[in-house]
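Everything on this sheet refers to the single structure shown next.
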Amino acid sequence: MTPTQPLLLRNAKLVGFGAARGSDVLIGADGKVAAAGPALAAPSGAESLDLAGAFLSPGWTDLHTHVYWGGTDISVRPRDIGAAAGVATLVDAGSAGEANFHGFREYVAQPAAERIVAFLNLGSIGLVACNRISELADHRSVNIDRMLACIEANKDIIRGVKIRASVTVLGSWGITPVKIARKVAKIAGLPIMVHVGEPPPMIEEVFALLQPGDIVTHCFHGKRGANIMEDADLADWAKRLADQGVVMDIGHGAASFSYAVGMAGLKHGIVPTTISTDLHVRNFDGPVWELSLVMSKLLALGMRFDDVIAGVTTNALKAVALPHENLIAIGAEARFTAFDLVDCDLTLPDSQKNPLRITRRFLPRHTIIGRSVVAAGSRYRG
């Protein structure tokens, strides 16, 4: 049950809010920001939560997840990777297609404590039996009219079109499904999220179709013939696209994030726009675990602290056309993550089982959604 009294968050270090400063935030009983600044006085009857110097950022957003629990064979429950892990907004990356999106909306997105939006899979069936039955076997897998009708009926939560551009999914189709996704998204006025993987299609063919606002997920994967850092011209092209507004997203996953490619990419000036997990049942117990650990990995690779925070807050929110400015202004919906950055000594793997020493890690403490406060933490016990 949502409390009915105001809540004063005290003694926080604000990060990710642009020029906003101050240590206290007052949230009204309506779940909206009532005031922000140093040493605020608590109104009569208000609750108070002392954050004792923890960071407070806009609520973390995971741009690539699979949370159609019960609707696909790979999805996890939102509650297992959401607010309890510091994540206030979950973006499902194509678990549902037009034929089963109604179930995703009614049974997953609407009941969740977290805000959930989605990319609609180009394939009508979505990821019902992921990598066992292709969602894009042939032309019968796509129905443009039904997709556009589904997008129109669910435009409040459908934020784009998802396409897996990999030979393991497309077989002999090549680049054609990506072109169809681009066309559907253009008609609907939405971006595409492209999973880049084993060719064909060639990643160069994918890059040629991208426009500002589109998303390349798995941008630092290490698969041969398709990773952006094994080809100097491709690396330069990726940087140009990023500079032009194409979103470069981590999408860690079970097989889609390489430390070596990430280090080379950062040295080349390709800073990921967004940091996401691609969490599903096959990586939930490693090598991904949770968003905070993926953030910690990118920090260890050399990303700046501020860029890591932007990658799970304002940049991710902008990528799915959710409010991403003035998030602590009076009247803004309260959606925050309180967290610590602590010293540690961990060795964590990438998707290829290569080790990396982690000496600082992000630890979520609370997720604030409206007037509700959810205790947050880490599942990792390694």
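The values are calculated or read from the model by the stated rules, or taken from the named source; none is laboratory data. Small disclaimer: the values here were computed from a predicted structure and weren't measured. No Cβ is skipped: glycine too gets one built from the backbone with ideal geometry, and neighbour counts run over all protein chains shown.
Which numbered condition in (1) part of a loop (DSSP other than H, G, I, E, B); (2) touching a residue at least 40 places away in the same chain (Cβ under 8 Å); (3) of a type outside the set (Val, Ile, Thr) is the only one that residue 41 fails?
(2) is the only condition that residue 41 fails.
Determine whether the stretch 35-46 contains at least one residue that is under 26 Å from the mean Cα position of the chain (by Cα) and either under 26 Å from residue 304 (Cα atoms) or surrounded by 20 or more Cβ atoms within 10 Å (Cβ to Cβ) (or both).
No, because not a single residue in the stretch 35-46 is under 26 Å from the mean Cα position of the chain (by Cα) and either under 26 Å from residue 304 (Cα atoms) or surrounded by 20 or more Cβ atoms within 10 Å (Cβ to Cβ) (or both).
Do we have residue 67 as assigned to a loop (DSSP other than H, G, I, E, B), in contact with a helix residue (DSSP H, G or I) (Cβ under 7 Å, 6 or more places away or on another chain) and closer than 28 Å to residue 295 by Cβ here?
Yes.
Collect the residues in the stretch 44-69 that are without any contact (Cβ under 8 Å) to a residue 40 or more places away in the chain and either among the charged types (D, E, K, R) or farther than 15 Å from residue 279 by Cα (or both), keeping them in residue-number order.
Answer for the stretch 44-69, where residues must be without any contact (Cβ under 8 Å) to a residue 40 or more places away in the chain and either among the charged types (D, E, K, R) or farther than 15 Å from residue 279 by Cα (or both): just 44.
If a residue has to be closer than 25 Å to residue 255 by Cβ and within 22 Å of the chain's Cα centre (by Cα) to count, how many in the stretch 157-168 make the cut?
8
Restricting to the stretch 121-141, and then to whatever is without any contact (Cβ under 8 Å) to a residue 40 or more places away in the chain and not in a loop (DSSP other than H, G, I, E, B), can you tell me which residue is farthest from residue 100 (Cα to Cα)?
139
Of all residues being over 22 Å from the mean Cα position of the chain (by Cα) and of a type outside the set (A, V, I, L, M) in the stretch 104-134, which is surrounded by the most Cβ atoms within 10 Å (Cβ to Cβ)? Just the residue, please.
The extreme case among them is 124.
Is there any pair linking a residue in the stretch 219-241 that is outside any helix (DSSP H, G or I) to one that is aromatic (Phe, Trp, Tyr) and modelled with pLDDT of 95 or more, with Cβ under 7 Å and at least six apart or on different chains, and which?
Going by the 7 Å Cβ cut-off, the qualifying pairs are 220/257; 221/257.
From (1) modelled with pLDDT under 95; (2) buried (at least 24 other Cβ atoms within 10 Å of the Cβ), pick out the condition that doesn't hold for residue 230.
Exception for residue 230: condition (2).
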